[in-house]
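Data block below; observations after.
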Amino acid sequence: MTLGIYTLQGTLFQGHVKKIIATTTAGEITILDHHIPLVARLASPSVRLVDAQEKETIIKITSGVLEVRGGSEVFILATQ
Amino acid sequence: MPSTKLVKQRIRSVKNTAQITKAMEVVSATKMRHAQEFALRARPYAIASLEMLRGLLLKTTDLPDLLREHSRVNAKLILVVTSDKGLAGSLNANVLRKADAWIRECRIRNTPFIILAVGKKAKEYADRQQGSLCGAFVGFGDVATLFETSPIADMIVQGFEAESWGTCDVVYTHFRTTLSQEAVLRRVLPVTRAGIEEIVRGILPEHGKYAELPHGDLAVSRYAFEYAYEPSPHEILDWLVPELLRMHVHHIILESNASEHSARMVAMKHATDNAKELVSDLTLTYNKVRQAGITRELTEITAGREALENNY
C-alpha cells in the first residue's frame, strides 16, 4: 500500500510499505493491504513501518490522525 | 555652477548607495525564494487535512466549538501581521490601512475590539490605538518554525474558549506573485471549510516558479463509502480543528514573510534604478562643469595672450 506521513514542516515519509503498526488512542493497530476505510487518532510515541524486505522504520510522532482510504492508500497527519 | 569636486563627491556617494540597494535586492530575492519553498512544504499536509475535514463534517452534526460562532460574545479580535523591518515599499502601510478600516467600522458599530500584533510595525501601530492591544509577537526569523507560531494560534483559541472574543479576523499580505502582493482581511475563527480551502489554494502563488502542482485538484470525493472512526468523528475533529488553525496562522506568517522579501526586492530594484539614473545625470553635469572650466581657462589664456600682443 502507499503511505504518506505529513507534518506542517514537511513530508516525513512517502512510499510503499507492507505493514503499518500504529498506536491509536484506543490501542495498537496493524494495517495491511485492503484494510477497511478508517480514520483514527494516533498517540505517541511512534509509527512503525515494515516494507517488502521486512525492514522496519520507526517514525516518532507526538500525536496525529491516520486515514485509510479505499485503494490501499494511507495518510498520516502528524505533529512531532 | 557647482565645482567639479562637489559633483564628483555626489557621484561617488550615489554609486555607493546603488551598490547597497543592489545587494539588498539580491539578498531579498534569495530570501524570498527560500521563504516560498518553506511555505510549500505544508501543502501535502494541507490537502490531506482538508479532505479529511470534508469527510468528517459529513459524518457528524455535533461540531466542535471552534467551528461555531459565539452568539453571546460581542468582542472581536484582529490579528495584524506586518514585518519587523521597513524599506519594503508600501507593504506595511497597506496592511495598516486595512486594519484601520476594520477598527473604524468597529468604532462606528460600537463593538469592542482587541488587537494582536505580529511584527514590530504592527506593534507600534497597535500601541497608538488606545489600550486595545492584548499581545505582540516580534522577532520571528526569516523562516518561522511551527514552534514559534503555535503560541499565537493557541492564544487565539484560548481567548475564544474563555469567551474573550467571539471571532478572529486577520490582516496580512497575501503573496499573489513575485511582483504583486496585496493586503487582505480574512476570517480565521470560527474555522470554516471555505477558509481552509482558501489556505490550501493560497499556499501556491498564482503564477511563477512554484505555481504548478501535480495533484492540484481539490475536488475529490472519496467519502462516498463507509468509514470506520476511532474513537469518534467528534473526537477526531477536536484534534484536527485546532491543528488546522495552527496551520492557518503558521501559513499566514510564512506568507507575510515571503511578501515582505518580495516587496523589498522590488523596492530595492526601483532604488537601484533611480540611483543609476541619478549617476548618469550627475555624470553629465560633471562633464559640463569640467568642459566649462576648460573653456573658461582657454578664454583666459587667449585673452591674456592677446592683451600681451597688443602691448607690443
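Figures for the structure shown
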{"item": "Matching residues in region A:49-58 - criterion: being surrounded by fewer than 17 Cβ atoms within 10 Å (Cβ to Cβ) and of a type in the set (A, V, I, L, M, F, W, C)", "result": "A:V50, A:A52, A:I58"}
{"item": "Residue that is nearest to the other protein chains (Cβ to nearest Cβ), among those in region A:35-52 that are charged (D, E, K, R) and more than 9 Å from the chain's Cα centre (by Cα)", "result": "A:R41"}
{"item": "Those helices (runs of 4 or more DSSP H) lying entirely in region B:78-175 with at least 2 residues over 17 Å from the mean Cα position of the chain (by Cα), farther than 26 Å from B:M24 by Cα and of a type in the set (V, I, T)", "result": "B:91-109, B:146-161"}
{"item": "Pairs where the first residue, in region B:152-180, is closer than 19 Å to B:E69 by Cβ and the second is modelled with pLDDT under 90 and among the acidic types (D, E), C-beta under 9 Å, 6+ apart", "result": "B:F160/B:D65; B:E161/B:D65; B:G166/B:E69; B:T167/B:E69"}
{"item": "Single match in B:A122, B:A136, B:A99, B:A126 (criterion: among the aliphatic types (A, V, I, L, M), in contact with a strand residue (DSSP E or B) (Cβ under 9 Å, 6 or more places away or on another chain), free of Cβ contacts under 8 Å to residues at least 60 places away in the same chain and under 19 Å from B:E255 (Cβ atoms))", "result": "B:A122"}
{"item": "Condition met for B:V170 (under 22 Å from B:A88 (Cα atoms), surrounded by fewer than 20 Cβ atoms within 10 Å (Cβ to Cβ), modelled with pLDDT of 85 or more and not basic (K, R))", "result": "no"}
{"item": "Selection within region A:53-70 - part of a loop (DSSP other than H, G, I, E, B) and facing another protein chain (nearest Cβ under 9 Å)", "result": "A:G70"}
{"item": "Members of region B:136-155 found to be surrounded by 17 or more Cβ atoms within 10 Å (Cβ to Cβ) and over 20 Å from B:A39 (Cβ atoms), listed by number", "result": "B:A136, B:M155"}
{"item": "Residue ID - surrounded by the most Cβ atoms within 10 Å (Cβ to Cβ), chosen from residues in region A:8-48 that are farther than 21 Å from B:S232 by Cα and of a type in the set (S, T, Y)", "result": "A:S46"}
{"item": "Hits in region A:1-52 - residues which are part of a loop (DSSP other than H, G, I, E, B) and closer than 14 Å to A:L77 by Cα", "result": "A:L8, A:Q9"}
{"item": "Single residue of B:L79, B:L96, B:L40 found to be within 29 Å of B:H261 (Cα to Cα), within 14 Å of chain A (Cβ to nearest Cβ) and among the aliphatic types (A, V, I, L, M)", "result": "B:L40"}
{"item": "Filter result (under 20 Å from B:A48 (Cα atoms) and within 10 Å of chain B (Cβ to nearest Cβ)) within region A:13-34", "result": "A:Q14, A:T24"}
{"item": "Residue match in region B:39-61 (condition: outside any helix (DSSP H, G or I) and in contact with an Asp or Glu (Cβ under 8 Å, 6 or more places away or on another chain))", "result": "no"}
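The values are calculated or read from the model by the stated rules, or taken from the named source; none is laboratory data. Nothing here was measured: the structure is a model prediction, and the numbers come from that model. As a convention, Cβ positions derive from the backbone with ideal geometry for all residues, glycine included, and neighbour counts pool all protein chains shown.
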